[in-house]
Amino acid sequence: MFFEDDETLQMYVEESLEHLADIETDLLAMEEQGEEIDEELVNNVFRAAHSVKGGAGFMGLDVIKELSHNLENILGLIRDKELMPSSEIISVLLKSFDRLQELISNIETSNDQNIDEYITDLKNITNDTLPDAEKKAIEEVCEIKHPMSATALKSNRYDIEQAKKQGKFIYILEYDLIHDIHKKDKNPLEVINSLLKSGIILDCKVDISYVGTLEDDIPNRIPFVILFASIIEPDMAPILVDLDAEYVFNISDDKLPEQEEETQATPEKQETASEKEKNETENFPNSEKTAPPVEKEEEPEQHAKKGSESQDSEKKSASISQPPSKTSSQPQANSSEKSNSHPENDQQDTQDDAAKKTISSLRVNVNLLDSLMNLAGELVLSRNQLIQGLTSSNQHNIESASQRIDMITSELQEAIMQTRMQPISNVFNKFSRVVRDLSQTLGKEIALELEGKHVELDKTIIESINDPLTHLVRNSVDHGIESPDVREKAGKPRQGTINLKAYHEAGQVNIEIEDDGGGIDPEKISAAAVKKGVITEQEANLLSDKDKANLIFAPGFSTAEEITDVSGRGVGMDVVKSNLERLGGIIDIDSRVGIGTSLKIKLPLTLAIIPSQIISAGHEKYAIPQVNLDELLRIPAGDIKEKIEKVGDAAVVRLRGMLLPLIKLSDVLGIEKTYKDPETGEIKPDRRSNVADRRSKDLFNPNDNNNFSEEEINERKESDRRYHAASAINIAVVSAGTFRYGLIVDDLMDSEEIVVKPLGKHVKNCKGYAGATIMGDGKVALILDVASIAEMSQLSTASSSKKIAEEKEKMDSSSERLKDQASLLLFRNGEDEQLAVPLNLVQRIERIKSTDIEVVGGQRVVQYRGGSLPLHELGEVANVQPLPEHEKIEVIVFQLTGREVGLMVSPPVDAVDVVLSVDEETLRQPGIIGSLIIHDMTTLMVDVYEFFKTLHPEWYTEKEHAVNIDPETGESGNVKILFAEDSSFFRNQVKGFLEEDGYDVTIAEDGEVAWNIINSEENDFNLILTDLEMPNMDGFQLTAKIKNDNRFSGKPVVALTSLAGEGDIEKGKSVGIDDYQIKLDREQLLLTIKNYLN
Amino acid sequence: MSKYKESEYLELATFYVGEALCGIDILNIQEINKQFDFTTIPQSDDFVKGVLNLRGRIVTILDLGKKLGLSPVKKHKNNRNIIVNFHDEQIGLLVDKISDVIVAKKNELDSPPANLGGIQGSYFENIVKTEKTLIGILDIDTVLTTD
């Protein structure tokens, strides 16, 4: 080849691979379309093959040319609707395109490759489709001579006939490589590509004979001839192809050879394919195989493997009879030394190599490049500004310049990151094929759904997740989805579904692989793990179900009985996990037996720069990647005793109802714990050994006035460092995968974006660190590896999770017993009086100035929201202390009977969750239901309704008894409600206002009693009101019984609860509860009941 | 910039580790500095003193004394870090005191004894004799290879 241009070759390779990249998806789409072929789609694939062929012809890549030519034939047939793309045909096409891709990726050796098998398969297809005459035409190769020279181009008759049929003209175009292309600064591939846009290239070649030998003069013309078919008229043609008219030869019909040709066979130029020809043979040592359809079995006997050099060199000769091996395609010359590979080559390997080789270039949006240019320009300007400011010592300029540089740097970083972002569709699209092939092999029916193809990831991440994702998808197909029969038996649809989803969330990319297969059985996994010695039996017993499922990630694990080719080598999952972790990502598994499995992968958006939280421990700073950080906690000195508890010998903190194990970073690392002296700012060693080491509060009980005076206590508190702000505990709540814990650190500092730098060999093996970074002050800070720190402190999932699970159970069961939890609003009246009202009755809390209170008609009011809010204090009804005088007054606003009223109270006003065990006798009085102990103080529970009713009886009109007309009997009677509630407090309350509203209420102390009452048929209730937590039979069971019994299923059941969690509501719905009401919300309850009774 | 022909001569930077005088081919040395503000790495091997920020790169600093099996390098104002190139990283070796750069003829090098100054012979590539003393030329690969 004249150019010898690695560049041109490289470009050809890149372009071809690009063309071929989409082919797989298109072919699969074609398969699905079946009869209704989308012509566009087929054209796409056709054009891809065609341009590959064109370039190959030019480059002398004969094997590629032949393969693509055959592919083209088939696609042409499909496009012309003469061939229907069946599954088998598509499979052949897929395989052939795969091979083509391989050939192109290993372009140097491509001419040595053996593609007979593929050619035969392809030819078989075409042959079956075409009528005999046309079959011959395909075989037949015509030689078309260049009018002016000895050059001859060849094409098979079939193509020429087709072209003529389409009304195209056949031209021979003669480009001069030197003048027309090289000097005009064009590039042969560009020429070919532009020609392809307006017609078909049937053949092309470079007339190398013109180059001559070294002894000749340098040629001034090297013809590049192309056999071109196009509908462009002869007079327009030269303009289109950008040639002088004298070099455009219109081959009219008469010049076309009519019949078979006269080209001699050159017997020693054995083609690699079988040669039994009866047809004309060719003189093209290149690749045109005119072998007629041969039985496949005969093939192997015939063909000679292309290992021998002689074949190669023969093949290399250009179609011109001159022997020009010195100028023949260089890449092939080199390749003759390479051994050839089996056609059955390990496709995986070459594909991988190909993948790695080709990912040396990238497509970038031009807009992005423009903005990068802009940013670079701005950076230059700001730098100039900075330098100027520095030399002239202008502080202001320096500051503004550095601000700009700060901003520009961030933008620059982002823009550069974006250039590396590629859509994940690159990876996803391959999976359609993987799933298709694999499910066919295994005889399963599987549909693959892809979501979020546009989600973009950094290039390196995309390259790295390819393998792990493939493994996971294959696992799903192999182990996850059951065979159609099994599925049918289980009542599932025969076709299984695998869902691949990608989306951005919280600064990370999430990838989910979900299947509706058999799920992962924790017991099986754990048994297998014990068997393989991954964990001991005792350890296995300590694991929760989720942990057991996670065992599949343990090294050396595999449940497949035999190692199938597909998966099950026992090296899969843990490699996947470690690969993902290396990328800074995490993987989690969630599975339910019989229902399906869901694998969730989280990956950071970029590898190099991560946002992190800087903390200090010992005398050093460390960084915690934000991806691992959930939240930051600070426990003030005074609360430590309460909030931090011990489970076994591990310290835990209760966070929103969950127990969080605590780890002291300084202990794990074996460094000295320090604290910052609040006055001097010095870092000093902290000698507290016990996390929960605080003087007992009781010792300083303010109520115990005997030993200490107030001032003394306060002073002591302040000077005692243990109570000081500095002795608060700083906790970073981190998570490694699903395992969360709190890391106790000395100090919490800023959050910063840091550049991750790898640690050297000697430190790499050190546990606990995931790299290092350089801080703004030049010092090195180590980046903590949250997962391994947990391991180091032996607080891994296996050992502690059970303990924590136990604790949780205890907590849950205790909350079961202590049902009737409620949220209360605490406030004060007199100095030592603490009172409470149910929080859900509170509309708002306001603070008003005492000067704003007006007295109108003996009633205190305040202007409020455009109206007057009546104000009262507890002393008006109850026997309590008078409200002390203050400038500012807290007012709790309630809404009753549609009106708003305010209750004046003293601070502190606080909300609290407590167990309602109300003492209804001791301190009962008007307006006060009873008392309970909250925060060690006797607290009076205010009865809001009674209170305001006493003050404003006119608001509550007498209600008639609700009358009910029985539709069947026409009798009228009172509405009867059955109320099941075990707490007497609530019973009385609710019964009270139900009866006031005119209902007949029958009470039952628990579900069983209620059921007996209903069953006895003495009373016919219109509505059942039930508590949920009751001893012998709870509300759920009661409802279930009622609804399942035909006699009563029509009755509405309303549940009263202090719990209204999602889970409970679901549970309630499933047993048939009609409505949920919060206890003590009288008005709402009455309204609901009224609705249900109508 | 050596005026000596590369093939014949060897330039060595010499330094003391404990009592032993050792040398390293200067072609392997990136620089020698006095930066001691390393960041310690808790839980690392005991010969790892910490890491340094060397113009944007993170360099691990090892206590050469400990690494060679001697007692740790005592803190002294004469201490220096010798930053060497090792595969594709840079590693710093903390030594007690540096000495001269000497030139040795390659053909005048001897093979190392089993033990030199308390350091095992396997750490040395060769030794060179000078008028006053013996200098053991360290084999960086052996010294720095992690198990």
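The values are calculated or read from the model by the stated rules, or taken from the named source; none is laboratory data. Not measured: the values here are computed from a predicted model. Please note: Cβ atoms are built from the backbone with ideal geometry, for glycine as well, and neighbour counts cover all protein chains shown. Calculation scope for accessible area: heavy atoms of the full protein, side chains included, ligands and nucleic acids excluded. Shrake-Rupley method; radii C 1.70, N 1.55, O 1.52, S 1.80 Å.
Taking the Cβ of A:Ala787 as the centre, find all other residues whose Cβ is under 15 Å away and add up their charges (Lys, Arg: +1; Asp, Glu: -1).
-2
For the stretch A:73-129, state what percent of all Cα-Cα pairs lands in each successive 10 Å bin, counting from 0 Å until the bin that includes the largest distance.
Percent of pairs per bin, in order: 22, 49, 24, 5.
Amide H neighbours of A:Asp203 under 5 Å, counting only residues 5+ apart in sequence or on other chains, H built in-plane at 1.01 Å?
Sorted by chain and number, the residues that satisfy this are A:Leu227.
Work out the P(r) tail for the stretch A:481-533: percent of alpha carbon pairs separated by more than 18 Å, whole number.
57
In whole Hz, what ³J(HN,Hα) sequence does the stretch A:468-485 give by Karplus (6.51, -1.76, 1.60; θ = phi - 60°), x for Gly and Pro?
With coefficients 6.51, -1.76 and 1.60, one gets x, 5, 4, 4, 5, 5, 5, 4, 4, 5, 6, 9, x, 6, 7, 6, x, 5 Hz.
Taking amide H positions as placed 1.01 Å from N in the peptide plane, with prolines and chain starts having none, which residues 5 or more places from A:Ile754, or on another chain, fall under 5 Å of its amide H?
A:Ile610, A:Ser612
Pop out the ³J(HN,Hα) list for the stretch A:14-30 in order, Karplus 6.51 cos²θ - 1.76 cosθ + 1.60 with θ = phi - 60°, rounded to Hz; leave Gly and Pro as x.
Coupling constants for the stretch A:14-30: 4, 4, 5, 5, 5, 4, 7, 4, 8, 4, 3, 4, 4, 4, 5, 5, 4 Hz.
Filter the GluC sites (Glu not before Pro) in the stretch B:57-147 down to the DSSP loop ones having no more than 16 other Cβ atoms within 10 Å, then list what survives.
Sparse-neighbourhood loop GluC sites (Glu not before Pro): B:Glu131.
Computed on protein heavy atoms with a 1.4 Å probe, what is the summed buried accessible area for the chain pair A and B, in Å² to the nearest 100?
Details: alone 54220 and 8890 Å², together 61270 Å².
Chain pair A/B: roughly 1800 Å² of buried accessible area.
Between A:Gln10 and B:Lys132, what FRET efficiency comes out of the Förster formula 1/(1 + (r/R0)^6) with R0 = 45 Å and r the beta carbon distance, rounded to 0.05?
Values: r = 61 Å, r/R0 = 1.36.
So the FRET efficiency works out to roughly 0.15.
How big is the stretch A:354-489 by the Kirkwood estimate over distinct Cα pairs, in Å?
Working: mean 1/r = 0.0526 Å⁻¹.
Computed over Cα pairs of the stretch A:354-489, the Kirkwood hydrodynamic radius comes out at 19.0 Å.
If you count, for each residue, the other Cβ atoms within 10 Å and average over each peptide, how do A:515-528, A:68-81 line up from highest to lowest?
Per-residue mean Cβ counts within 10 Å order the peptides as A:68-81, A:515-528.
Ignoring ligands, DNA and RNA, please state the percent of accessible area on the stretch B:63-147 from carbon and sulfur, probe 1.4 Å.
Carbon plus sulfur share of accessible area: 45 percent.
Would you please calculate the Kirkwood hydrodynamic radius of the stretch A:512-553 over all C-alpha pairs and express it in Å, rounded to one decimal?
10.7
Along Cα→Cβ, 7 Å out, is where each label goes; now give me the distance between the ones at A:Asp639 and A:Asp919 in nm to one decimal.
It is 3.0 nm.
Just the number: Rg to Rh for the stretch A:451-546, Cα atoms, Kirkwood Rh, two decimals. The partial results should precede the final answer.
On the way: Rg = 17.1 Å, Rh = 16.1 Å.
Across the stretch A:451-546, the Cα-based Rg/Rh ratio is 1.07.
Per 5 Å bin, what percent of the C-alpha pairs of chain B does each bin hold, from zero upward?
Whole-percent P(r) values from 0 Å outward: 2, 9, 20, 23, 21, 14, 7, 3, 1, 0.
If each residue of separation counts as 0.36 nm, what is the full-extension length gain between A:Lys95 and A:Arg847 once their alpha-carbon separation is subtracted?
Stretched out fully, the A:Lys95 to A:Arg847 stretch lengthens by 262.9 nm.
How much space per residue, in cubic angstrom, does the convex hull of the C-alpha atoms of the stretch B:33-108 take up?
Spelled out: Cα convex hull of the stretch B:33-108, divided by residues, is 137 Å³.
Going highest first, how would you order B:47-60, A:33-46, A:866-879 by mean Cβ packing within 10 Å?
Ranked by mean Cβ neighbours within 10 Å, highest first: B:47-60, A:866-879, A:33-46.
Averaged across the residues of B:51-58, what count of C-beta atoms belonging to other chains lies within 10 Å of each residue's C-beta?
Mean partner shielding for this stretch: 6.
With r defined as the distance between the Cβ atoms of A:Glu463 and A:Gln538 and R0 fixed at 35 Å, what FRET efficiency is calculated, to the nearest 0.05?
Efficiency computed from Cβ-Cβ geometry: 0.25.
Would you kindly derive the ³J(HN,Hα) couplings of the stretch A:454-467 from the backbone phi angles with the Karplus curve 6.51 cos²θ - 1.76 cosθ + 1.60 (θ = phi - 60°), listing them in order in whole Hz, with x for Gly and Pro?
Calculated HN-Hα couplings, in order: 7, 4, 9, 9, 4, 3, 5, 5, 4, 4, 7, 8, 3, 5 Hz.
Over the alpha carbons of the stretch A:376-445, what is the largest minus smallest coordinate on each principal axis, giving the biggest first in Å?
The Cα atoms of the stretch A:376-445 stretch 78, 16, 11 Å along their principal axes.
What average number of partner chain Cβ atoms lie no more than 10 Å from the Cβ of the residues making up A:774-780?
5
How well do other chains shield peptide B:34-45, expressed as the mean number of their Cβ atoms within 10 Å of each residue Cβ?
Per residue, the average neighbour count from other chains is 6.
Can you work out the FRET efficiency for the pair A:Val593 and A:Asn1094, with r the C-beta to C-beta distance and R0 = 51 Å, to the nearest 0.05?
For R0 = 51 Å, the calculated efficiency reads 0.65.
Based on the alpha-carbon set only, what is the convex hull volume of the stretch B:75-147 divided per residue, in Å³?
Dividing the Cα hull volume of the stretch B:75-147 by its residue count gives 134 Å³.
Which residues belonging to the stretch A:732-772 lose at least 40 Å² of 1.4 Å-probe accessible area when the assembly is complete, relative to their chain isolated?
Checking the loss per residue gives A:Lys761, A:His762, A:Val763, A:Cys766.
May I ask you to give the solvent-accessible area per residue for the stretch A:483-554, in square angstrom, as obtained with a 1.4 angstrom probe?
Values: 3570 Å² over 72 residues.
Per-residue value: 50 Å².
So what's the stretch A:29-89 giving for Cα Rg divided by 2.2 N^0.38 Å, two decimals?
1.18
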